[in-house]
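The values are calculated or read from the model by the stated rules, or taken from the named source; none is laboratory data. Bear in mind the structure is a predicted one, so any value in this text is a computation, not a measurement. Quick reminder, even Gly has a Cβ in these numbers, built from the backbone with ideal geometry, and neighbours come from all protein chains shown.
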């Protein structure tokens with residue numbers, strides 16, 4: 001066991017470090033001028049994207065630029081699988097991840113137009129029995145509240161138990177669980193499985209011939225594989241059941257068709273379309289998943305949520321956007337209704353969102369507060385390079401190399417935590433624990449840092465240390481459901497449970 005050795009290394013490396021507040025990933029110092037995509041844009045992207053893929057260790061990418069409500073340029077780069085080296089093409093299938101949600105929203109709004117669903121009627125009234133027993137607040141959840149992420153649900157439940165963490169409607173907290181609830185309502189209203197309804201209501205009318213929430217046999221010959229941060233191909237999940245929040249499979253071609261429809265307002269009544277793109281709630285500037293904290297003292301002045309899409313407000317006007325993250329698949333879409341321009345990017349690498357900021361600045365330009373809010377480190381930032389050094393060199397050399405950036409807070413708690421989990425999943429337990437210990441040292445008031453350290457010790461078979469750190473996490477955040485449930489397992493069993 002190397003825990004003691006690594007702990008000594010950690011203390012030496014951290015001796016000069018003082019706890020520092022985390023800093024958000026910063027946008028480029030000079031914002032690119034806002035522009036309509038043109039031939040110069042295309043030339044720039046054709047030259048730059050291959051370099052970005054290499055620098056960020058992303059195997060492949062497919063991009064569509066929209067101009068005048070139509071796809072102006074479509075191109076694919078790299079490979080869809082590092083093992084086979086088959087190239088990405090315009091017909092390559094990617095996981096859309098959370099870009100599944102805007103498509104579900106569009107399908108829901110079509111039901112609104114047909115008078116089959118009311119945005120402000122409690123969803124429970126459409127189901128034969130309550131979706132959630134024992135909490136009367138479920139009666140407050142409507143389609144509008146789900147689509148604007150105000151349910152009070154976590155992003156995903158812990159185990160089998162789903163709980164409401166705050167009064168539905170009062171504030172924002174991003175939740176995939178809410179969309180799964182809405183999916184059940186859609187299936188009840190239509191009498192059809194979700195994919196069948198969306199195929200009839202969205203895919204077929206718009207001509208999205210390669211899109212599905214469940215796996216299709218023709219995908220086998222053209223799917224991209226997910227890749228981890230080190231460009232290692234991972235197993236491809238092939239969903240048999242639809243998940244409204246995350247299981248959409250599609251191409252950049254198809255998704256650009258969908259964005260074009262939103263830019264034109266195709267298929268929806270004008271009033272319904274305006275509702276979709278009207279800000280319903282301002283987000284918490286400091287978090288996306290906010291159920292484990294109190295209401296924010298202030299709200300964002302630039303980033304909001306509409307019905308199924310994010311809304312950002314800049315001097316160029318309002319634009320709608322969304323990101324997707326299924327681990328080894330990352331994607332992003334952005335569109336400006338007034339200017340009739342947009343962008344769709346799909347990647348098959350864990351680091352895909354690390355290059356989106358530069359791509360969108362070269363493609364469209366202008367301020368992009370939404371990208372800053374989602375807090376993905378740029379490929380050339382100290383946090384990204386620190387995470388890479390942890391993977392390639394190990395925790396101790398990375399801590400030594402990035403001592404200054406760790407000291408002044410350039411490398412956030414979130415980045416260190418993510419790097420730790422990458423090493424944990426790679427079974428490099430001593431290195432993972434060293435990073436979790438570093439995070440506790442730098443962020444002694446973070447419940448999440450202690451929670452992660454607890455998991456590291458638990459995975460390493462160190463039950464007492466795991467219990468100690470989970471208890472500390474609960475002291476700092478009594479609402480930490482993961483710590484509560486894990487402590488019960490640890491304290492009720494003689495053998496500590498293992499994480500995968």
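At-a-glance table
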quantity	calculated
Total residues in segment 78-123, condition in contact with a helix residue (DSSP H, G or I) (Cβ under 7 Å, 6 or more places away or on another chain), assigned to a helix (DSSP H, G or I) and surrounded by 18 or more Cβ atoms within 10 Å (Cβ to Cβ)	13
Residue satisfying all of: in segment 217-232; modelled with pLDDT of 95 or more and closer than 23 Å to residue 376 by Cα; surrounded by the fewest Cβ atoms within 10 Å (Cβ to Cβ) among these	225
Per-region count, segment 198-237, residues in a loop (DSSP other than H, G, I, E, B), touching a helix residue (DSSP H, G or I) at 6+ places or on another chain (Cβ under 7 Å) and within 20 Å of residue 326 (Cβ to Cβ)	7
Meets criteria (within 14 Å of residue 99 (Cα to Cα), crowded, with 19+ Cβ neighbours inside 10 Å and in contact (Cβ under 8 Å) with a residue 60 or more places away in the chain) for residue 245	yes
Any hit, segment 64-74, residues being in a loop (DSSP other than H, G, I, E, B), touching a residue at least 60 places away in the same chain (Cβ under 8 Å) and closer than 17 Å to residue 328 by Cα	no
Any hit, segment 175-193, residues being touching a helix residue (DSSP H, G or I) at 6+ places or on another chain (Cβ under 8 Å) and either at pLDDT below 95 or at positive phi (or both)	no
Candidate set: segment 124-138, residues that are closer than 16 Å to residue 188 by Cβ and without any contact (Cβ under 8 Å) to a residue 12 or more places away in the chain; chosen: the one surrounded by the fewest Cβ atoms within 10 Å (Cβ to Cβ)	129
Matching residues in segment 127-138 - criterion: being in a helix (DSSP H, G or I) and within 29 Å of the chain's Cα centre (by Cα)	137, 138
Residue 124 being under 15 Å from residue 179 (Cα atoms), over 26 Å from the mean Cα position of the chain (by Cα) and outside the structural domain of residue 274 (by TED's automatic domain parsing)	yes
Yes/no for residue 375 being surrounded by fewer than 19 Cβ atoms within 10 Å (Cβ to Cβ), in contact with a helix residue (DSSP H, G or I) (Cβ under 8 Å, 6 or more places away or on another chain) and at pLDDT below 95	yes
Residue count, segment 139-175 (criterion: part of a helix (DSSP H, G or I) and surrounded by 21 or more Cβ atoms within 10 Å (Cβ to Cβ))	4
Positions within segment 136-162 being within 19 Å of residue 322 (Cα to Cα) and touching a strand residue (DSSP E or B) at 6+ places or on another chain (Cβ under 7 Å), in sequence order	148, 149, 150
Test: residue in segment 37-47 that is at negative phi, part of a loop (DSSP other than H, G, I, E, B) and either at pLDDT 95 or above or loosely packed, with under 15 Cβ neighbours inside 10 Å (or both)	yes
Tally of residues being loosely packed, with under 14 Cβ neighbours inside 10 Å and either modelled with pLDDT under 95 or touching a strand residue (DSSP E or B) at 6+ places or on another chain (Cβ under 7 Å) (or both) across segment 233-242	0
Residue in segment 149-158 that is over 22 Å from residue 249 (Cα atoms), out of contact with any helix residue (DSSP H, G or I) (no Cβ under 8 Å at 6 or more places or on another chain), outside the structural domain of residue 331 (by TED's automatic domain parsing) and touching a residue at least 60 places away in the same chain (Cβ under 8 Å) present	yes
Some residue of segment 201-216 being out of contact with any strand residue (DSSP E or B) (no Cβ under 9 Å at 6 or more places or on another chain), within 30 Å of residue 90 (Cβ to Cβ), assigned by TED's automatic domain parsing to the domain that holds residue 58 and at pLDDT below 95	no
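Residues checked against (1) modelled with pLDDT of 95 or more; (2) in contact with a helix residue (DSSP H, G or I) (Cβ under 9 Å, 6 or more places away or on another chain); (3) buried (at least 22 other Cβ atoms within 10 Å of the Cβ):
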| site | (1), (2), (3) |
| --- | --- |
| 365 | yes, no, no |
| 402 | yes, yes, no |
| 426 | no, yes, no |
| 435 | yes, yes, yes |
| 456 | yes, yes, yes |
